[in-house]
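Read-outs throughout are calculated quantities, based only on the coordinates presented, and are distinct from any laboratory measurement. On a predicted model such as this, the values are computed, not experimentally measured, just so you know. Counting neighbours? That spans all protein chains shown, and the Cβs are built from the backbone with ideal geometry, glycine included.
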Amino acid sequence: MTFVQIIDYETTREPEMEAVFDEWEKATEGKRTVTREIHSQDRENPRHYVDVVEFPSYEAAMRNNDLPDTQRLAGKFRELCTREPKFTNLEVVQEL
């Protein structure tokens, strides 16, 4: 069953955040289990971002989470946030 994680966070350091995302993409190439990611910015609050990350299953998401590079770069990600990111974990029950 498809699994989606929503990551809600704020940052004033977007260029540095993009560098962390780029580093993660390179470091996890061929290992990550993400099937789709949407990176979005709030039109009313440009410091607010929401990422929607799709995985084939919850188990695949946990394998991705357990990658050493994911763990290492998650620390950098948190340091660049102005507040603790909020993670919402969702099982997809229907797709149109």
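Annotations for the structure displayed:
- Residue with peak Gaussian network fluctuation, the chain [Cα springs, cutoff 10 Å], from D69, D42, D51: D42
- Straight-line cross-link reach from K86 at under 12 Å between alpha-carbon atoms covers these aspartates and glutamates, not counting any fewer than eight positions away in the same chain: D8, E10, D51.
- Volume per residue of the convex hull around the Cα atoms, evaluated for the range 3-91, comes out as 87 Å³.
- Those aspartates and glutamates that a straight Cα-Cα span of less than 17 Å connects to K31, excepting residues fewer than 8 apart in one chain: D22, E23, E54, E59, D66, D69
- Model label points for S40 and F87, set 7 angstrom from Cα along the Cα-to-Cβ axis, are 2.1 nm apart.
- Taking a Cβ cut-off of under 13 Å around K76, the surrounding Lys, Arg, Asp and Glu residues balance to a net charge of -3, with basic ones at +1 and acidic ones at -1.
- The chain: relative contact order in percent, alpha carbon pairs under 8 Å with at least 6 residues between: 50 percent
- Spacing of the two label points (7 Å from each Cα toward its C-beta) at K26 and E79, in nm: 1.7 nm
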